[in-house]
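Enquirer: Below you will find the structure I want to go over with you.
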Amino acid sequence: MRFSKILPAASALVMLTGCTFGASIDTLMAPPKLSVEQEQIYSALTDAAGTSISLKYPKSGKYLSAFIVEDIDGDGGNEAVVFYEKSSLTVEENTLRINILDRDGGKWRSVCDTPAEGAEIEKVMISRLGSNDRVNLIIGSSLINRSEKNVSMYEYSDGSIEQTFSSSYSFFDVTDLDSDDENEFLLLMGSATGSPAQAEAYKLDEDGIYHKYSRELSGSFTEFDNINYGEIAGGRTGLYIDAVSGTGFIQTDIVYMDSSGLNKVFETAEESLSTVRPAGCSSFDVDGDGIPEIPVQTISPGYEDVSEGEQMKITNWLCINEDNKLEQKYSSYYSINDGYIFIFPERWKDKVTVKRDSVNDEIVFCKYSSGETGRELIRICCTQDSPSKDDRLSGGYMLLRTKGESAYLAFIPQNAAAYDDGLSVTAGDAAVGFRLRE
């Protein structure tokens, strides 16, 4: 959920290795080297499943190996979970498999094997839920095109594995959303034909029964762009959901959980609609206080009567107040492409506009009064190489931050202090106002 420009994986590999387009992805990507323990587990797996197998690796999350060595039955000793694909199965059987191995006399041996949903492993979590002591193996999987995803929960006990839960999903997680010291299983599902987008939370009781709590979300969300946890009024934890609507724009909904179940911060769809903004503007804790702010764009002063393609935008960062209503916390310029935010000083409110210097590839902040653009207050730019950075530094620019080869610099006019309109900024103001979107 970051916004850097990335070449498709296969194309990038071709460019970096000089290989031809005829080479397969398997020949370009060597599997990770196995540890001694993994080699032992793999040997035990092939003894049970044969050698016509290929390991499958989760695509995200804490567990990124085809081998997971954890205590999944709560007996104090570790078991091994291995994801693999078997090529010798019949058409009716799913080729994606889960194998559980345990130690017997100090050696690994396969104790059970079961088909997994889908064709790819998306994410794996291992956790207790609710008041139940059992350890849950939670596996998100997808079809080859990754357009359809399914999450399943398994219980492993006494040498056998049982599926206890299965559902389609767009996002899932395990967290203590209602602060009762017990984890809930959270699930988000995008809008489908005849059904709205949904948030669901599941508690697992001592008898192994799932208790479901659901809440319909505010829009016809087709997918989820960014998910954050953050504080809301009353010290509660909110799930900030940046979702993508059918129009391609982002809209935020916020849900939380208490003794009554799942609730929404926005009581009406209209409140959530006030957060609509272009793709790429995801919620972000811009001031590091543990509360995500929601970026909503507005037209910069002086651009109201020009075409949309020529307009410059100011980003207002909204927060949730004690009454669960949106209020503006900061105004800023937000460069999505360069990944930085410059928060305006309070004294700039309604008195400053932004323009682009295309020749020098810089953003210029200027005084704005009575419909006229006035003097320059500060310039900010991002350079991609050392010569460009050094050239600007020698010309009086100050270095704000670096990230890899990128350098972020600012230039403050030398005569700024001569004005008494209260809009001039210092080097300290520039440093304090600058944020880098990591």
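Enquirer: Restricting attention to the range 167-204, which residues are assigned to a strand (DSSP E or B) and exposed (fewer than 13 other Cβ atoms within 10 Å of the Cβ)?
Expert: Ala192, Ser195
Enquirer: Oh, and also: Consider Cys366 carefully, then state whether it is of a type in the set (A, V, I, L, M, F, W, C), assigned to a strand (DSSP E or B), in contact with an Asp or Glu (Cβ under 7 Å, 6 or more places away or on another chain) and more than 28 Å from Ala418 (Cβ to Cβ).
Expert: So Cys366 does not fit the description; no.
Enquirer: Name the single residue, out of those in the range 409-427 being open to solvent by less than 40 Å² (accessible area, probe 1.4 Å) and without any contact (Cβ under 8 Å) to a residue 60 or more places away in the chain, that is nearest to the chain's Cα centre (by Cα).
Expert: Leu409
Enquirer: Filter the range 26-46 down to residues that are at pLDDT 90 or above and hydrophobic (A, V, I, L, M, F, W, C) and give me whichever is surrounded by the fewest Cβ atoms within 10 Å (Cβ to Cβ).
Expert: Val36
Enquirer: Considering only residues that are open to solvent by 30 Å² or more (accessible area, probe 1.4 Å) and part of a loop (DSSP other than H, G, I, E, B), which ones fall in the range 276-300?
Expert: Listed by number, the residues that qualify are Val276, Pro278, Ala279, Asp285, Asp287, Gly288, Asp289, Gly290, Ile291.
Enquirer: Would you tally the residues in the range 326-350 being surrounded by 14 or more Cβ atoms within 10 Å (Cβ to Cβ) and either of a type in the set (Asp, Glu) or assigned to a loop (DSSP other than H, G, I, E, B) (or both)?
Expert: Going through the range 326-350 one residue at a time, the tally reaches 5.
Enquirer: Suppose we filter Arg128, Arg109 for residues that are open to solvent by 40 Å² or more (accessible area, probe 1.4 Å) and either under 30 Å from the mean Cα position of the chain (by Cα) or within 19 Å of Leu187 (Cα to Cα) (or both); which single one remains?
Expert: Arg128
Enquirer: Among the numbered criteria (1) open to solvent by 10 Å² or more (accessible area, probe 1.4 Å); (2) in contact with a helix residue (DSSP H, G or I) (Cβ under 7 Å, 6 or more places away or on another chain); (3) touching a residue at least 40 places away in the same chain (Cβ under 8 Å), which one does Ser259 miss?
Expert: Going through (1) open to solvent by 10 Å² or more (accessible area, probe 1.4 Å); (2) in contact with a helix residue (DSSP H, G or I) (Cβ under 7 Å, 6 or more places away or on another chain); (3) touching a residue at least 40 places away in the same chain (Cβ under 8 Å) one by one, Ser259 breaks only (2).
Enquirer: Only one of these conditions is not met by Lys123: (1) open to solvent by 50 Å² or more (accessible area, probe 1.4 Å); (2) at pLDDT 95 or above. Which number is it?
Expert: Condition (1) is where Lys123 drops out.
Enquirer: Taking Val276, is it among the hydrophobic types (A, V, I, L, M, F, W, C) and touching a residue at least 24 places away in the same chain (Cβ under 8 Å)?
Expert: Against the criterion (among the hydrophobic types (A, V, I, L, M, F, W, C) and touching a residue at least 24 places away in the same chain (Cβ under 8 Å)), Val276 qualifies.
Enquirer: To continue, here is another question. Scan the range 195-224 residue by residue and report those that are polar (S, T, N, Q) and in contact with a Phe, Trp or Tyr (Cβ under 9 Å, 6 or more places away or on another chain).
Expert: Ser218
Here is a yes/no grid of residues against (1) under 18 Å from Trp348 (Cβ atoms); (2) among the small types (Gly, Ala, Ser); (3) modelled with pLDDT of 95 or more:
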{"position": "Ile363", "(1), (2), (3)": "yes, no, yes"}
{"position": "Lys367", "(1), (2), (3)": "yes, no, yes"}
{"position": "Ile378", "(1), (2), (3)": "yes, no, yes"}
{"position": "Cys382", "(1), (2), (3)": "no, no, yes"}
{"position": "Asp391", "(1), (2), (3)": "no, no, yes"}
{"position": "Ser394", "(1), (2), (3)": "no, yes, yes"}
{"position": "Leu399", "(1), (2), (3)": "no, no, yes"}
{"position": "Gly404", "(1), (2), (3)": "no, yes, no"}
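Enquirer: Taking the range 377-408 as the search range and keeping residues that are of a type in the set (D, E, K, R) and open to solvent by 60 Å² or more (accessible area, probe 1.4 Å), which one is nearest to Lys313 (Cα to Cα)?
Expert: Only one residue fits best here, namely Arg401.
Enquirer: If you don't mind, another one. Report whether or not Thr222 is surrounded by fewer than 18 Cβ atoms within 10 Å (Cβ to Cβ) and in contact with a Gly (Cβ under 8 Å, 6 or more places away or on another chain).
Expert: yes
Enquirer: Only residues that are touching an Asp or Glu at 6+ places or on another chain (Cβ under 9 Å), of a type in the set (Gly, Ala, Ser) and in a strand (DSSP E or B): list them for the range 236-260, please.
Expert: Gly238, Ala243
Enquirer: Here are the criteria: (1) open to solvent by less than 70 Å² (accessible area, probe 1.4 Å); (2) basic (Lys, Arg); (3) not in a strand (DSSP E or B). Tell me which single one Arg146 does not satisfy.
Expert: (1)
Enquirer: Still on this structure, please answer the following. Could you check the range 351-370 and list, in sequence order, the residues that are more than 32 Å from the chain's Cα centre (by Cα), in contact (Cβ under 8 Å) with a residue 24 or more places away in the chain and open to solvent by less than 50 Å² (accessible area, probe 1.4 Å)?
Expert: Val352, Tyr368
The values are calculated or read from the model by the stated rules, or taken from the named source; none is laboratory data. Only a predicted model underlies this, so the values are computations on that prediction, with no experimental measurement involved. Positions of Cβ are generated from backbone atoms using ideal geometry, with glycine treated the same way; all protein chains shown enter the neighbour counts. What goes into the accessible areas is simple: the full protein's heavy atoms, side chains included, and nothing from ligands, DNA or RNA. Shrake-Rupley method; radii C 1.70, N 1.55, O 1.52, S 1.80 Å.
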